[in-house]
Amino acid sequence: MSQKPLTISIGTDHAGFPLKAPIIRLLKERGHQVLDCGCETDEPCDYPDFIRPAAEAVASGAADYAIVLGGSGNGEAIVANKVRGVRCGLCWDLWSAEMTKQHNNANCIAIGARPVPEELALEIVKTWLDTEFEGGRHARRVEKIES
């Protein structure tokens, strides 16, 4: 389990909205602060309006990490990755959550609420938060992403 309290921004669209409250609850139970960037209902909306602010919170230093949610998670990952300094991995299982942190030092993850059930989404978040960046050859690659 991650030791130090973090600030984690979260953004979602209407399709990802059902996962938002359970993930926020999990984060708070673990002692983390949450910056909720919306949305607030399951009414149809445009995901960039909520995903970009969550990613920008990481880029600005207002948040340590971000979690972005949508139907598939694909569009959300694309939006987040457009923000300089954000490395967002699309996670659909525990292995992808582990690898995106261990090898890419992802400071953001995207989860699709349609293919990923709530219980698995919570385990994905835990795995990602609890995994350490491996460094070594991966640090060189992350530096190249950022340059």
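Sort through Ala66, Ala57, Ala77, Ala62 and tell me the only one that's within 16 Å of Cys37 (Cα to Cα), surrounded by fewer than 18 Cβ atoms within 10 Å (Cβ to Cβ) and hydrophobic (A, V, I, L, M, F, W, C).
Matching residue, one of Ala66, Ala57, Ala77, Ala62: Ala62.
Condition first: part of a loop (DSSP other than H, G, I, E, B) and of a type in the set (A, V, I, L, M, F, W, C). Now tell me which residues in segment 1-42 satisfy that. First the steps, then the outcome.
Going residue by residue through segment 1-42, those that are part of a loop (DSSP other than H, G, I, E, B) are 1-6, 13-16, 30-32, 37-42.
Residues satisfying the conditions are Met1, Leu6, Ala15, Cys37, Cys39.
In segment 66-103, how many are closer than 13 Å to Ile124 by Cβ and not hydrophobic (A, V, I, L, M, F, W, C)?
Residues flagged as closer than 13 Å to Ile124 by Cβ and not hydrophobic (A, V, I, L, M, F, W, C) within segment 66-103 amount to 7.
Tell me, please, whether a residue that is part of a helix (DSSP H, G or I), under 18 Å from Ala106 (Cα atoms) and either at pLDDT 95 or above or in contact with a Lys or Arg (Cβ under 7 Å, 6 or more places away or on another chain) (or both) can be found in segment 43-52.
Yes: segment 43-52 contains one or more residues that are part of a helix (DSSP H, G or I), under 18 Å from Ala106 (Cα atoms) and either at pLDDT 95 or above or in contact with a Lys or Arg (Cβ under 7 Å, 6 or more places away or on another chain) (or both).
For residues that are within 15 Å of Glu76 (Cβ to Cβ) and open to solvent by less than 50 Å² (accessible area, probe 1.4 Å), tally how many sit in segment 20-49.
Number of matching residues: 6.
Looking for something among the polar types (S, T, N, Q) and touching a helix residue (DSSP H, G or I) at 6+ places or on another chain (Cβ under 6 Å) - is there at least one such residue anywhere in segment 77-96?
no
When only residues in segment 97-109 that are out of contact with any strand residue (DSSP E or B) (no Cβ under 7 Å at 6 or more places or on another chain) and closer than 22 Å to Gly11 by Cβ count, which is surrounded by the most Cβ atoms within 10 Å (Cβ to Cβ)?
Of the residues in segment 97-109, the ones out of contact with any strand residue (DSSP E or B) (no Cβ under 7 Å at 6 or more places or on another chain) are 98-99, 101-103, 105.
So of that shortlist, the ones also closer than 22 Å to Gly11 by Cβ come out as 101, 105.
On the way: Lys101: 23, Asn105: 20.
Applying the filter and picking the extreme gives Lys101.
List the helices (runs of 4 or more DSSP H) that sit entirely inside segment 68-147 and contain at least 2 residues that are free of Cβ contacts under 8 Å to residues at least 60 places away in the same chain and over 13 Å from the mean Cα position of the chain (by Cα).
Correct list: 94-102, 118-130, 137-146.
The values are calculated or read from the model by the stated rules, or taken from the named source; none is laboratory data. Keep in mind that what you see is a predicted model, and the values were worked out from it rather than measured. Glycine also receives a Cβ, built like all others from the backbone with ideal geometry; neighbour counts cover every protein chain displayed. Surface accessibility is based on the protein's heavy atoms, side chains included, excluding ligands, DNA and RNA. Shrake-Rupley method; radii C 1.70, N 1.55, O 1.52, S 1.80 Å.
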